Amino acid sequence: MPNQQLSRITIKDEICNGKPTIRGYRLTVQTILEFILAGTSTEEILKQYPFLEHEDIDACKEFALLMLDNKYTLKGIAA
């Protein structure tokens, strides 16, 4: 991953079945993004997860944007 902030996102097979997590904790990027999309403020997320830092939340957002930069192809399947 190209920048320092994204180094906060870790992917290890033995943690959360290889889903992207924050600094190796058993807290997935997806969980944080779901909180954000539900309208939970950064301050509330940090209150609920005191081991997190503001930069962790920013890293989750940046990771999501990076994933959207990938190319995707939709393929039809037989019904």
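The values are calculated or read from the model by the stated rules, or taken from the named source; none is laboratory data. Everything numeric here is computed off the predicted structure, so don't read it as measured data. Because the Cβ atoms are built from the backbone with ideal geometry, glycine has one as well, and the counts that use them run over all protein chains shown.
Brief remarks follow.
- Some residue of segment 35-51 being touching a Leu at 6+ places or on another chain (Cβ under 8 Å), surrounded by fewer than 16 Cβ atoms within 10 Å (Cβ to Cβ) and at pLDDT 95 or above: yes
- Residues (surrounded by 16 or more Cβ atoms within 10 Å (Cβ to Cβ) and out of contact with any Asp or Glu (no Cβ under 7 Å at 6 or more places or on another chain)) located in segment 20-32: PRO20, THR21, LEU27, THR28, VAL29, THR31, ILE32
- In this structure, TYR25 qualifies as under 12 Å from the mean Cα position of the chain (by Cα) and touching a residue at least 12 places away in the same chain (Cβ under 8 Å).
- ILE11 surrounded by 11 or more Cβ atoms within 10 Å (Cβ to Cβ) and touching a Phe, Trp or Tyr at 6+ places or on another chain (Cβ under 8 Å): no
- Within segment 50-66, the set of residues being closer than 14 Å to THR21 by Cα and either of a type outside the set (Gly, Ala, Ser) or in a loop (DSSP other than H, G, I, E, B) (or both) comprises PHE51, LEU52, GLU53, GLU55, ASP56, ILE57, ASP58, CYS60, LYS61, GLU62, PHE63.
- Annotation note: Cβ proximity below 9 Å between a residue of segment 36-64 that is farther than 15 Å from GLN5 by Cβ and a residue that is surrounded by fewer than 17 Cβ atoms within 10 Å (Cβ to Cβ) and among the β-branched types (Val, Ile, Thr) (sequence gap 6+ or interchain) occurs for ILE36/THR42; ILE45/ILE36; GLN48/THR40.
- Options GLY76, GLY39; residue that is at positive phi and part of a loop (DSSP other than H, G, I, E, B): GLY39
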